[in-house]
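What follows is a short report on a single structure.
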Amino acid sequence: MTRVTWNGTAGTDGPWAEPCAARPLIGRERESALLHGLLSRHRLVTVTGPVGVGKSLLAVTALRARSRVTATALLLVRVPELAAFGSGAPWPGVPAPAAGGGRTAAQRLVAAVLAVLGGEAELDAAGEIGAALDAFTEAVSEPEHREPVLLLDDVDAVQAGALRLVALLLRRCPVLRVVVTARRPLGLGDERVLRLAPLPVRSGLGAPAVRLLLEHARTVRPGLVLDAAASAALVEICTALDGLPLALTHAARQLDSLEPVELAERLRERGRLGLGDPAADLPRHRTLRRALGTVEAQCDPRDRIVWSRVGMFAGSFTEESAAALCAGGGVDAEQVPACLVRLVAAGVLVPLGDPAGVRTARFGMSRLAAEFARERLAEAGGTTAAWDRLARHVVRIAATAGSLWDCGAQAQAVELVQDERPNLLAVLRRPAATPEQADALLPAVLDLWFWWVRHDPDEGRRLLGALLARCSGAEALVHRAQWLAVWLGARVEVGTVGLDPLGAAWAAALLADDRAGVGRIAFVQALAAWRDGDPEAAVRLLREAVELVPGYAPGGPSAATVLAVLALVEAEHAPRRARRSAWRAITWAGGSGDGWSCRLARHALALLDAHAGRPGPAARRARRMLAVQRPDLPTPPGTAALRRLAEAVAAQNVGVREGEGVEPSAASRSRRAGRVDARDAVPLPPPPGRPAAVRSEVCGALRDVAEERVGLRPAEQGRIGGAQRASRRN
């Protein structure tokens with residue numbers, strides 16, 4: 001017969017209370033089954049996770065269900081609020097405080113455990129508990145207590161005392177099993193840890209997080225009706241709250257007076273920390289700010305400082321990045337790694353990826369924890385200094401990525417930018433307060449030219465336009481930025497860089513004897529000429545660029561890239577010269593590890609094979625290029641066209657040897673599959689009161705190398721002006 005023992009005096013002698021009332025679990029079926037499995041095989045299981053993730057609810061619900069099925073005794077003990085404790089003396093073996101004969105926190109924990117069975121906790125002045133533990137062991141070993149399970153709920157405030165108590169109980173009570181809920185494991189040898197994560201959000205209305213929010217919302221508002229906007233708002237709310245069950249229950253309380261769309265808007269405008277429920281079981285759970293404040297109160301002072309500073313990161317970060325941002329003001333750089341480890345143990349940070357893998361370990365933080373950190377940093381007056389440190393760090397990361405690209409480690413450069421992209425954009429999008437700040441950030445945008453051109457031209461265009469409008473006009477940077485801005489199609493401020501961006505950049509590069517700059521301006525002009533349907537001018541300008549750009553010049557497209565684009569332009573009207581240019585590009589790029597140029601050149605060779613009626617070799621080249629792509633990196637330009645070419649050949653069952661089984665219709669279909677014509681540019685309308693010639697801008701972007709031609713941005717572009725071409729020829 002099941003016997004669940006609970007003595008109410010343990011809830012009234014001090015702030016002890018029974019753990020939270022059992023409620024239906026939503027989205028925790030797998031974790032509940034795992035807890036049952038672990039408890040059936042091991043004597044000590046600790047349920048860990050960040051604050052508000054639902055550790056207590058899972059443990060209580062799962063253990064009560066197990067007790068009903070297996071007829072075992074269940075003993076429930078909750079640790080009181082942190083405010084109920086003093087500093088607490090180490091335990092056991094340390095005398096209780098002399099004043100008033102009070103007990104330490106750990107001793108009170110022992111008293112509560114003993115009180116569960118209705119016994120008196122007789123602790124003498126020396127704090128000896130051996131006799132009391134013997135009485136507890138004798139009580140739980142009685143036949144009526146079949147396989148007793150002790151739940152120590154929420155022991156973070158007395159972790160050290162709980163560790164010693166659990167070790168003694170397991171050693172003295174062979175029949176006893178213990179379940180502990182805490183933000184971090186106890187660290188005992190036989191301990192098994194069940195880590196809880198927030199509920200998933202990504203599957204829309206069927207996601208566990210959304211179902212939990214909807215379940216609680218309909219408890220306080222039974223007539224809640226969902227339309228398309230309300231459903232989308234619920235998903236947005238769950239995403240903003242990271243799927244954290246405590247935050248979702250607080251948000252549901254707000255839906256008794258707010259519509260889902262209104263609540264989502266309020267979270268965007270006012271933040272998340274103010275959400276709360278005055279009727280929450282625990283005082284510290286009545287607002288999210290107070291719940292996170294309880295976690296902060298249990299952290300080391302250095303850990304609090306590091307927490308407040310790493311909250312400035314908009315995305316994940318490395319240990320090195322954290323040290324660069326957090327060093328100073330009472331924290332040394334060599335102390336940061338240990339602080340990160342403790343914050344991970346406290347559930348504040350989340351390690352990402354495989355800690356033992358070859359890639360550098362990264363750390364993430366929930367939106368709630370980051371918002372709390374930024375609030376604390378602002379209260380301490382450290383926000384401005386943290387932004388300055390983060391900006392300097394972002395400039396260093398961009399320079400590192402640019403160096404990796406120029407040295408041939410292009411996959412590593414793209415991987416670095418992909419990992420750091422949220423942090424890069426958070427700094428680069430922030431409006432520069434002074435021209436000096438714009439001058440400091442402009443090199444970061446220029447060093448990342450390869451990312452903007454290949455993966456995000458719209459963002460690069462916006463960032464360049466904003467910084468060029470604000471910078472003080474340092475010539476070396478501004479004139480380098482001009483040809484990149486034109487390549488990306490950026491709308492350049494007239495008062496900053498002149499009426500003729502490429503003309504001004506060309507003159508400055510010529511006066512500075514910058515051969516690479518002059519050659520890259522010719523390269524951008526060639527792209528514009530090609531876009532405008534003038535392949536002869538494009539070929540002439542590209543051949544000039546090949547002669548001007550040094551082989552390993554950093555900070556822009558290499559000579560091998562120019563040769564590869566030349567092969568693409570020549571592919572239709574001069575196939576022999578195109579093939580020769582492509583092989584020159586491959587030979588040149590192979591020595592420097594320039595994978596992008598190799599890919600462009602091999603794409604040109606595949607197109608030449610397709611145009612010549614040899615779809616078999618073209619498809620083989622396409623498949624080889626697709627096979628070497630890394631799935632964990634952004635899809636490089638050119639992938640879609642190569643895939644279409646390979647699929648078209650496969651669909652026609654073309655022979656793998658050159659010319660084998662090729663019909664003219666199949667060859668023509670293969671050629672069409674591997675190419676997409678470049679789109680015509682759309683001229684920008686002139687601004688009011690200014691002639692069209694003033695606003696004539698050279699625009700375009702190498703958007704999709706997958707196509708037969710280099711695709712250029714169709715929107716917000718003007719055609720290359722005759723005056724600009726004339727200035728280039730002169």
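Just flag the trypsin sites (Lys or Arg not before Pro) in segment 286-374 sitting in loop per DSSP whose Cβ has no more than 11 other Cβ atoms within 10 Å. Spell out each step's value before the answer.
Details: sites: ARG286, ARG289, ARG290, ARG302, ARG304, ARG309, ARG342, ARG359, ARG362, ARG367, ARG374; in loops: ARG286, ARG359.
Nothing satisfies the criteria.
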Using the Karplus curve 6.51 cos²θ - 1.76 cosθ + 1.60 with θ = phi - 60°, work out ³J(HN,Hα) for each residue of segment 454-460 in order, rounded to whole Hz, and write x for Gly and Pro. 8, 10, 8, x, 4, 5, x
Net +/- balance of residues flanking ARG195 in space, Cβ distance below 14 Å, scoring K and R +1, D and E -1: +4
Output ³J(HN,Hα) for segment 412-422: one whole-Hz value per residue in order, computed from phi by the Karplus curve 6.51 cos²θ - 1.76 cosθ + 1.60 with θ = phi - 60°, and x for Gly and Pro. 5, 5, 5, 4, 5, 5, 4, 5, 9, 4, x
What list of ³J(HN,Hα) couplings, whole Hz, do you get for segment 310-317 from phi and the Karplus terms 6.51, -1.76, 1.60, once you set θ to phi - 60° and write x for glycine and proline? 5, x, 6, 5, 7, x, 6, 8
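Please compute the length gained on full extension between GLU269 and GLU138, using 0.36 nm multiplied by the number of residues separating them and subtracting their Cα-Cα distance. Write down the numbers at each step before the final one.
Details: separation 131, 0.36 × 131 = 47.16 nm, distance 5.87 nm.
Using 0.36 nm per residue and subtracting the Cα-Cα distance, I get 41.3 nm.
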Taking amide H positions as placed in the peptide plane 1.01 Å from N, state which residues far from ARG362 in sequence (5 or more) or on other chains have amide H under 5 Å from it. LEU352
Cβ-Cβ cut-off under 10 Å around TRP405, Lys and Arg +1, Asp and Glu -1: the net charge is -3
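Report the percentage of all Cα-Cα pairs in segment 204-289 whose separation exceeds 19 Å, rounded to a whole percent.
Details: 1045 of 3655 pairs.
In whole percent, the long-distance tail amounts to 29.
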Would you mind pulling out the separation of the Cα centroids of segment 317-386 and segment 37-64, in Å? 28
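We did not get these values from a lab; they are worked out from the coordinates using the rules stated. Owing to the predicted nature of the structure, the values given are computational and were not obtained by experimental measurement. Glycine gets a Cβ as well: all are built from the backbone with ideal geometry, and neighbour counts include every protein chain shown.
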